[in-house]
Amino acid sequence: MGSKRQAQTVRPYPKGRHATDAELFAVRELIGPSEKGRDRLIEHLHSINDRFGHLSAGHIAALAHHLGLSQADVYETATFYAHFTTVADGKAPPPSTTLRICDGPACRMAGAKTLLKDALSAFGDQVQVLPAPCQGACDTPPSAILGQQRMAPADMPALEAHIAENDTAPLKRPELDKIEVSDTPAIRNTLEQAGLRGMGGAGFPVARKWAFLDTAPPDRVLVVNADEGEPGTFKDRFLLEAEPEKVLRGVLIAARSLQVKDVFFYLRDEYLHVHSTLSNALKTLVMDGVTFHLRRGAGAYICGEETALLNSLEGKRGQPRNRPPYPAQSGYKGRPTITHNVETLYWIADIAERGAEPYVDEGRPRFYSVSGRVKTPGVYRAASTASVADLIEMAGGMMDGHRFTAFLPGGASGGIFPARYQDKAMDFGVFEELGGFVGSGALTILSDHDDVWDVTRTLMAFFADESCGKCTPCRIGTEKMMGLIESPARHTDLIHDLSTAMREASICGLGQAAPNLVLSLLNHFGEADT
Ligand SMILES: Cc1cc2nc3c(=O)[nH]c(=O)nc-3n(C[C@H](O)[C@H](O)[C@H](O)COP(=O)(O)O)c2cc1C
Ligand code: SF4
């Protein structure tokens, strides 16, 4: 047995690799006694990765064995997600703790590149130091996560001490009070009168979405999309930290109104500090015939797209699905499914409690994430009619020594515009006429210290990295676009042709929206500003 095992361990890939008894036992202990099937695959991969700091070929073989899956299935799923570290037989595993330093625009403005370089040279042999896409903390840049613990900027100088302590326990949060929901039979009409739209980016009217379930069979599902990953967006994190009760009341109201059987929370892995709050709260939520589930993302921006999210919930690679069928017809495991953003659920609770009138009178408020070169980056509640200039003012004005030059109204996807458009409202339908959109309301402010081409290159690299690879226009297009904007010659015609192909032929919003950034840059800045 020993020599046979030796012969197997030189294989670089898990194919044909059999798990040893020790590996089978270790994985069984982590996943529990009777797990079969793949829908909890990602949770199991997390358990193993959390425990050992990586996934060995033996772990993958053992997990595949216990779940009754092929090793290729488990391997291709594990390698899709950035938060799993796979290690082939014969290779040394990396240090078991990971330090991820955000590489997004706001963190770069606050010195993330230097922090990353310093951390690599100081701690590279003790922890795995990695750059990471936006961590949803653009209000406190530069952002870093050590193991499962968020580092506040004030902790950065003490990084060494944290690493020495290997203090990776999640932050403790107070337990939530019991959440009560009064009967809300007329809520859908009220939401319609309020004109509430989805806050995840697309702005689809909530009441119309709910109507899709009117004739659906009863095994319905509600998904809470807490995967917030758009660079510059952190309002869902803020709401989950500051007002989780209200979000959960919205969930209960939606679950009751839509008569669902299961509610799934899909929580961004970078928001593990709210995992225990949610997990405790879900244990106290009681609603007849409804089961609540909490699932962790695993470091893939595309899983915020609702059909990619459904695949991830089913334990698969997070790749978007072709539509039709739409999720309301065939969503999670073929069941009728409605997905809502965290903030949408907050407003559902708000409108159910106060009625449509105050919401309309207040100008259909929403929560904006404001970051970049403002004095006090943060989440600001303002009417949908609030302009870019209003939000800069709410965020304390420009930082000293900075002149406002440009802004991104909708994270990485919503385009980039010069300061002269500062009086435009941060509302749905406004920036569309300029080739952009506000999406989830992530406003990033740039100054004369920033180079708009540099910001565009950073965000285009983000799209190229996060493209799931399912369709050619996006997989090849994002890479090709990187090359075109890095080239000293401006290939304007080629950029326009490529953008048309990406917009028209990409399967999902990532590939369709990725050209917005480059096209708006060319349209509104041009050569003189480069
Ligand atoms: C690439 C991509 C990423 C997305 N990321 C998120 C996200 O992080 N959170 C979110 O709520 N919606 C995200 N969406 C939108 C969702 O697909 C979906 O429209 C939304 O969750 C529906 O909820 P709502 O109607 O309450 O807005 C994303 C869409 C795309 C195309
Ligand atoms: S557009 Fe991009 S992210 Fe979306 S399915 Fe195609 S390859 Fe995947």
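Taking θ as phi - 60° and the Karplus parameters 6.51, -1.76 and 1.60, the scalar couplings of region 300-309 work out to 9, 4, 5, 5, x, 5, 4, 7, 5, 4 Hz in sequence order, x denoting glycine and proline. With loop membership from DSSP and a limit of 12 other Cβ atoms within 10 Å, the longest segment of the chain without GluC sites (Glu not before Pro) is 181-530. Here the relative contact order of the chain, from alpha carbon pairs under 8 Å that lie six or more residues apart, stands at 13 percent.
Of the whole protein surface, Asp288 contributes about 150 Å² of accessible area at a 1.4 Å probe radius. Rounded to the nearest whole Hz, the Karplus-based 3J(HN,Hα) values (6.51 cos²θ - 1.76 cosθ + 1.60, θ = phi - 60°) of region 128-141 follow the sequence 7, 9, 10, x, 9, x, 2, 9, x, 9, 5, 7, 10, x, with x at glycine and proline.
Assign unit charges at the C-beta atoms only (+1 for Lys and Arg, -1 for Asp and Glu), then state the dipole size of region 396-530 relative to its Cα centre in Debye, rounded to the nearest 20.
280 debye
Given the pairs Lys235/Lys261; Lys261/Lys283; Lys333/Lys470; Lys113/Lys375, which span a C-alpha to C-alpha distance of over 25 angstrom in this model? Too far apart for the 25 Å limit: Lys235/Lys261.
Computed 3J(HN,Hα) for region 378-391, one whole-Hz value per residue from the Karplus formula 6.51 cos²θ - 1.76 cosθ + 1.60 where θ = phi - 60°, is x, 9, 10, 8, 8, 5, 4, 7, 4, 8, 4, 4, 4, 5, glycine and proline marked x. Annotation: the antiparallel percentage among DSSP beta bridges lying fully within the chain is about 40. Here Lys36 is the anchor, and the aspartates and glutamates within straight C-alpha reach of less than 16 Å, apart from those fewer than 8 places off in the same chain, are Asp73, Glu314.
Histogrammed with a bin width of 20 Å, the alpha carbon distances of the chain distribute as 21, 56, 22, 1 percent, first bin at zero. Shown are Thr478, Thr376, whose ranking by accessible area with a 1.4 Å probe and every protein chain present, most to least, is Thr376, Thr478.
Would you work out which of His65, Ile48, Leu498 lies farthest towards the positive end of the dipole of the chain, given +1 charges on the beta-carbon of Lys and Arg and -1 on that of Asp and Glu, about the Cα centre? Final value for the positive-end residue is His65.
Could you look at the chain and say what percent of its accessible area is carbon and sulfur, using a 1.4 Å probe and all protein chains?
50 percent
Between the beta carbons of Glu357 and Leu120, assuming R0 = 41 Å, the FRET efficiency works out to 0.15 to the nearest 0.05.
Taking the Cα centre of region 280-418 as the origin, how large is its charge dipole in debye, to the nearest 20, when only Lys and Arg (+1) and Asp and Glu (-1) carry charge on their Cβ atoms? Walk me through the numbers before you get to the answer.
Details: 16 positive and 13 negative charges, 157 e Å.
Dipole magnitude for region 280-418 comes out near 760 debye.
Rounded if a/c is under 1.5, else prolate if a/b is larger than b/c, else oblate: which is region 338-495, with a ≥ b ≥ c the root eigenvalues of its Cα gyration tensor? Mind dumping the intermediate values first?
Details: a/c = 2.40, a/b = 1.43, b/c = 1.68.
Because a/c hits 1.5 or more and a/b fails to exceed b/c, region 338-495 counts as oblate.
Considering amide H positions built from the backbone, and no H for Pro or chain starts, which residues 5 or more places from Met426, or on another chain, come under 5 Å of its amide H? Answer set, sorted by chain and number: Ala386, Ser387, Val388.
With the Cα gyration tensor of region 262-341 giving a ≥ b ≥ c as the square roots of its eigenvalues, does the rule (a/c under 1.5 for rounded; else a/b larger than b/c for prolate; else oblate) give rounded, prolate or oblate? Cα axes put region 262-341 in the oblate bin.
What does the charge dipole of region 42-140 about its Cα centre add up to, to the nearest 20 debye, if the Cβ of each Lys and Arg holds +1 and the Cβ of each Asp and Glu holds -1? Intermediate results must be reported in sequence, preceding the final value.
On the way: 6 positive and 9 negative charges, 56 e Å.
Magnitude of the dipole: close to 260 debye.
By the Cβ-Cβ criterion of under 4.7 Å, the unpaired cysteines of the chain are Cys134, Cys138, Cys303, Cys468, Cys471, Cys474, Cys508.
The values are calculated or read from the model by the stated rules, or taken from the named source; none is laboratory data. Small disclaimer: the values here were computed from a predicted structure and weren't measured. Cβ: placed from backbone, ideal geometry, glycine included. Neighbour counts: every protein chain shown. In case anyone asks, the SASA skips ligands and DNA or RNA and just uses the protein heavy atoms, side chains included. Shrake-Rupley method; radii C 1.70, N 1.55, O 1.52, S 1.80 Å.
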